Structures are given as structure tokens and as C-alpha cells.
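We did not get these values from a lab; they are worked out from the coordinates using the rules stated. This structure is a prediction, so every number in the text was calculated from the model and none was measured. Cβ coordinates were reconstructed from backbone atoms using ideal geometry, including for glycine residues, and neighbour counts include every protein chain displayed.
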Amino acid sequence: MNTPAFYLLSLLASCASFSAYSNTHNAISIEYRHSLYDSGEIIDGRANGAQFTYYYQLLEGTSIYAGWSYDAIEHKSHLSLEGIDKTGYSLGLTLTRDYAGIQAGLYGGLTYKHYEFDVDESDEPKDFGHEWGYELGGIVMRSLSENIHVMSRLGYESSQDDVYITGSEQEVDDNCLFSLGVLYKF
């Protein structure tokens, strides 16, 4: 296990163990993600994936979060690739307020992502290494019950990695992100 993943899991375990003895409302979310990239020689401009996030409430309307995400990135059809995957971790802060039954606010934090691709089924996946970045955006939640909420995020993820695949090069720039999911408060 790499060092950042170890630190992230340690932080999650600490927050979860502390929350068992406090009156805070913690939450987990599972989201469907859709990302838009700058199109180039390799990446077709879109990605679909999922994100799992744990939220630890510090104050009313203020939480820290830690998450893991996976995206399957669409690529140009002329390349002999099985697929391009992006996985990563995020750690940040959310600020929300209630507006007539709808919670809305902002989120922002650090990301630690990496890209992998398979040239064909017999090949081992190629790894581009990890990179640090940041994410910013808006979050909206609507309560379905006391503990279950529908949530949506619209945001921006920074990324500045050079991808080299089968003789082609593309700089993977920042991307816009839309997600829709379910948040469970406990």
C-alpha cells in the first residue's frame, strides 16, 4: 500500500472511531461521476465512474471529507487500447447551509490521482505515476428521509499529467465533473 493511501485510511479510521463517542452527524456517499476533459489525440473528452466519500462533521454545516474515485476514460478509436483508467483519493472541506429543505454549499480539497492503461489483454497495465492536484465545486443535497439524501456535485478537478500511449502524447488537463448519488447520514 502506498503512503498517501495509508494516511488517508488512518484518518478515516480515526474519524470513525471518534464519531462513535460524539454527537456529530457523519455521512458516507456513493456517487456516479461524469467528467469532461479537453479532447486531444488520445482522450475523447469524456469519462464515467464512481466515487465513495466519508464526511466527518466538524460544526453544523462544516465537514471534512475523504474519498476514493474511479473513472473509465473514453479514448480515440484508432488506438489499440483496452482502456484508460483514473483512480484517486481526495481530502477536503465542505461548507453547506439549509435553504428551505435543500442544503447547498461549496467543497474544495486536495486530490492525489493516477492514470493507467492497457494496450491489450496480454499486457500488464501501464502506470503514469501519481500526481497531486485540487478540486473545487458546488454541492446540493435534498433530504429523502432523516438519514438518506440525494446529492449532486458540479466541480472542477485540476490535473496536469503527460500521457504517452503507443507513440502518441497528450497532456491531461483540468476537467469538469458532475456527480449524482446518495448520501447516508449516521
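Suppose each label sits 7 Å from its Cα in the direction of the beta carbon; what would the Leu36-Phe186 distance come out to in nanometres?
3.6
Across the stretch 145-150, in residue order, what do the Karplus-derived ³J(HN,Hα) couplings come to in whole Hz, using 6.51 cos²θ - 1.76 cosθ + 1.60 with θ = phi - 60° and x for Gly and Pro?
Whole-Hz 3J(HN,Hα) from phi for the stretch 145-150: 8, 4, 10, 10, 10, 8.
With labels modelled as points extended 7 Å from the Cα through the Cβ direction, what inter-label distance (nm, one decimal) is found for Ser145 paired with Leu59?
Taking the simple label geometry, Ser145 and Leu59 are separated by 3.2 nm.
In a shell of Cβ-Cβ distance under 10 Å around Ala50, excluding Ala50 itself, what net charge do Lys and Arg (+1) and Asp and Glu (-1) give?
Taking every other residue near Ala50 into account, the sum is -1.
Just to check I understand the Karplus step: with θ = phi - 60° and J = 6.51 cos²θ - 1.76 cosθ + 1.60, what whole-Hz values come out for the stretch 30-36, glycine and proline as x?
10, 10, 8, 10, 10, 10, 10
List the residues whose amide H sits under 5 Å from the amide H of His25, counting only those 5 or more places along or on another chain, with H placed 1.01 Å from N in the peptide plane.
For His25, whose amide H was placed from the backbone, the distant partners under 5 Å are Gln57.
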